[in-house]
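The values are calculated or read from the model by the stated rules, or taken from the named source; none is laboratory data. This structure is a prediction, so every number in the text was calculated from the model and none was measured. Cβ atoms come from the backbone with ideal geometry, glycine included; neighbour counts cover every protein chain shown.
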Amino acid sequence: MFSVIITGTGSYIPDHVQTNEAFLSSVFYSERQEIINKSPLDIIDNLKKITGIEERRYAAPHLNTSDIAAIAAHNAINDCGVDPESLDFIIVAHNFGNSPAGSFQSDMVPSVANRVKHLLHINNPSCVAFDVIFGCPGWVQGLIIAQAFCQSGMASKGVVIGAEILSRVSDAADRDSMIYADGAGACIVSSKPVTDTSTNGILSVAAKSFSAADVNYIYMDKGFAPTANHQDKYLKMKGRKVYEFAMQQVPQAMKECLDKAGVDIHSLKKIFIHQANEKMDEGIVKRFYELYNIDTPPPYIMPLSINKLGNSSVATVPTLYNLVIKNLLPNHQLQKDDIILFASVGAGMNINAVCYRY
């Protein structure tokens, strides 16, 4: 049996900061293409109250998803000093492929992972590159796939990347567009034999797809402005439905994962959860602890980056993890053998969790 460990991390956080004040001149419409009769300031204040978002990052026009994914991977490779030619796989989680600035057409061929391999100048043909389309939980799902690869003996080392440029698929007339952001995070994973004195790495996983009644809570549709070209499709979300779904289903999946690992809830040190909505994330973690008859989660159990980085979909969990690893978030550090939980929810509707010993 092999244990799968994270040996290096890296990220790409764009330089351009888009503050809430940048939306003060925006005009927002409802899905019925009717103007929302509230001042932009009231809309922005409400967004901040619910999501916690004060600012977000947007990628420069000359960069694409494959570019920022490659930068994050390069940083992870340098972090642990691995030879890129020794990698057995490159897994890139995203949802929209390359979306060039000013274009509404997503470029999915060749795959983002193949483009990343090209940008990293990896010649080894046995390094298999492929994409994962799994909604916002894509990077966590990439970890789950990497574990399966390594434990099967098919691979011993690879890179798992989450990268997204949501600013180019959001509708400026939709107030939800203020939620979305750009970024990329990556980690190097390696397998090592499990011994009595070596139990670090992935301890357990859980993954679920609720694609019957819940499949269309996050979807692509026409713009909200009356003048919008109805052939152009933008990222849309039924926010209340997503919130109710996440509050009900995500804590259960997290508990399933932790219980599968045989870990006592009091041993859990950090929860790295998808940065979709601060209020929702706090509610999920509270309900998770309530499943263990604990009314109040421990302080500092849940690092947050959404207030400064917004929701960058598949990139939120790996960039958040990298921030903590690099000691860039106050009150959030990890010590050897700490038990942590990665968890995410997103389009599909998909949910997953990974229990990991640091």
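Quick check, is residue 86 modelled with pLDDT of 95 or more and over 22 Å from residue 182 (Cα atoms)?
For residue 86, the condition - modelled with pLDDT of 95 or more and over 22 Å from residue 182 (Cα atoms) - is met.
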TODO: Among what's in the range 212-236 and is surrounded by fewer than 19 Cβ atoms within 10 Å (Cβ to Cβ) and within 17 Å of residue 95 (Cα to Cα), pick the residue that is nearest to the chain's Cα centre (by Cα).
DONE: 219
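Of the residues 158, 162, which single one is touching a residue at least 12 places away in the same chain (Cβ under 8 Å), surrounded by 24 or more Cβ atoms within 10 Å (Cβ to Cβ) and touching a Leu at 6+ places or on another chain (Cβ under 7 Å)?
Values: 162 fails: touching a Leu at 6+ places or on another chain (Cβ under 7 Å).
Sole residue among the options that is touching a residue at least 12 places away in the same chain (Cβ under 8 Å), surrounded by 24 or more Cβ atoms within 10 Å (Cβ to Cβ) and touching a Leu at 6+ places or on another chain (Cβ under 7 Å): 158.
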TODO: Please work out if residue 27 is touching a helix residue (DSSP H, G or I) at 6+ places or on another chain (Cβ under 9 Å) and under 13 Å from residue 177 (Cα atoms).
DONE: yes
Open item on the list: Return the residues of the range 170-215 that are among the β-branched types (Val, Ile, Thr) and part of a strand (DSSP E or B); say none if nothing qualifies.
Closed with: 188, 189, 195, 202, 205
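Hey, among the residues in the range 261-285 that are of a type in the set (Gly, Ala, Ser) and over 14 Å from the mean Cα position of the chain (by Cα), which one's nearest to residue 178 (Cα to Cα)? I'd like the intermediate steps shown before the answer.
Of all residues in the range 261-285, those of a type in the set (Gly, Ala, Ser) come to 261-262, 267, 276, 283.
This time we only want the ones that are over 14 Å from the mean Cα position of the chain (by Cα), so: 261-262, 267, 283.
Details: 261: 38, 262: 40, 267: 37, 283: 21 Å.
The extreme case among them is 283.
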TODO: Return a yes/no flag: does the range 268-280 have any residue that is polar (S, T, N, Q) and out of contact with any helix residue (DSSP H, G or I) (no Cβ under 7 Å at 6 or more places or on another chain).
DONE: no
TODO: For the range 23-63, name all the residues that are over 21 Å from residue 315 (Cα atoms) and in a strand (DSSP E or B).
DONE: 29, 35
Task: helices (runs of 4 or more DSSP H) lying entirely in the range 64-169 (those with 1 or more residues that are within 21 Å of residue 203 (Cβ to Cβ) and in contact with a His (Cβ under 9 Å, 6 or more places away or on another chain)) - done: 138-152
- [ ] Would you be able to say whether some residue in the range 24-34 is touching a Lys or Arg at 6+ places or on another chain (Cβ under 6 Å) and either surrounded by fewer than 17 Cβ atoms within 10 Å (Cβ to Cβ) or at positive phi (or both)?
- [x] no
Task: Selection from the range 170-193 of residues that are surrounded by 22 or more Cβ atoms within 10 Å (Cβ to Cβ) and among the hydrophobic types (A, V, I, L, M, F, W, C) - done: 178, 179, 181, 184, 186, 187, 188, 189
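Sort through 136, 80 and tell me the only one that's surrounded by fewer than 17 Cβ atoms within 10 Å (Cβ to Cβ) and in the same structural domain as residue 155 (by TED's automatic domain parsing).
On the way: 136 fails: surrounded by fewer than 17 Cβ atoms within 10 Å (Cβ to Cβ).
Being surrounded by fewer than 17 Cβ atoms within 10 Å (Cβ to Cβ) and in the same structural domain as residue 155 (by TED's automatic domain parsing) holds for just one of 136, 80, which is 80.
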- [ ] Determine the pairs where a residue that is modelled with pLDDT under 90, located within the range 29-58, has a partner that is polar (S, T, N, Q) with Cβ atoms under 8 Å apart, the partner being 6 or more residues away or on another chain.
- [x] 40/25; 40/26
TODO: Filter the range 1-22 for residues that are over 25 Å from residue 39 (Cβ atoms), among the aliphatic types (A, V, I, L, M) and assigned to a strand (DSSP E or B) and give the result.
DONE: 4, 5, 6
